[in-house]
Amino acid sequence: MADWANLLTELVSARGRELNRYGFLLTGDRAEAADLVQEALVRVFARPHLSWDLGRLEGYVRRTMLNRFLDQHRRRQRFALLLPKVPGPRADGDHADHGELVADRLRLLTALDVLSPTQRACVVLRYYEDLPVAAVAGRLGCREGTVKRHLSDALTRLGTALGTDRQALQEGDAA
């Protein structure tokens, strides 16, 4: 097996679950998250580099996932403009009540759907990956002020959707 194949196997076995979680937080759907991970791996390993180490490789895959997620959303938006608008409630399906944690998770996922893709990416990078604002700005290729504005708007929208004030969201007391 080639070196890149060993590196791919090692990456997927060591960090595959975390990559899938990251994809799920970006997309909100397990199937889309798995597709996002697979597409990122194919794109990254289509041109393997000799100098890769596992830590840098994971960061490169995550960046590829983020770029792919944002690109897909832009394409969907353009396509949606071409389709006629159909009014009606969004059908998410019935969810059995398995406890308070499940209900909280569903409320959070529904609230995340309210955010724009850029706001959602900022929230995931800042609060899930625990990156500082400067690192989020670097990953998204924008200024720190833009990231702060997206985070501010996202926290306000999440607070409204969750029925919580913004201060509680920032402190992590809500959820």
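Could you calculate the contour length gain from Asp130 to Ser13, that is, 0.36 nm times the residue separation minus the distance between their Cα atoms, to one decimal place in nm? Before the final figure, lay out the partial values.
Numbers: separation 117, 0.36 × 117 = 42.12 nm, distance 2.29 nm.
Gain in length upon complete extension: 39.8 nm.
Peptides 105-113, 154-162 ranked from most to least packed by the mean count of surrounding Cβ atoms within 10 Å: 154-162, 105-113.
One chain, two ends: Asp35 and Arg75. Fully extended at 0.36 nm per residue, the span grows by 12.8 nm beyond their Cα-Cα distance.
Highest mean first, how do 18-27, 127-136 rank when packing is the count of other Cβ atoms within 10 Å averaged over residues? Intermediate values should be presented prior to the final figure.
Details: 18-27: 20.1, 127-136: 14.7.
Ranked from most to least packed, the peptides come out as 18-27, 127-136.
Every number in this text was worked out from the coordinates using simple rules, so none of it is lab data. Treat the numbers as computed from the prediction; the structure is a model and nothing was measured. A quick note on method: Cβ atoms are made from the backbone with ideal geometry, for glycine too, and the neighbour counts reach across all protein chains shown.
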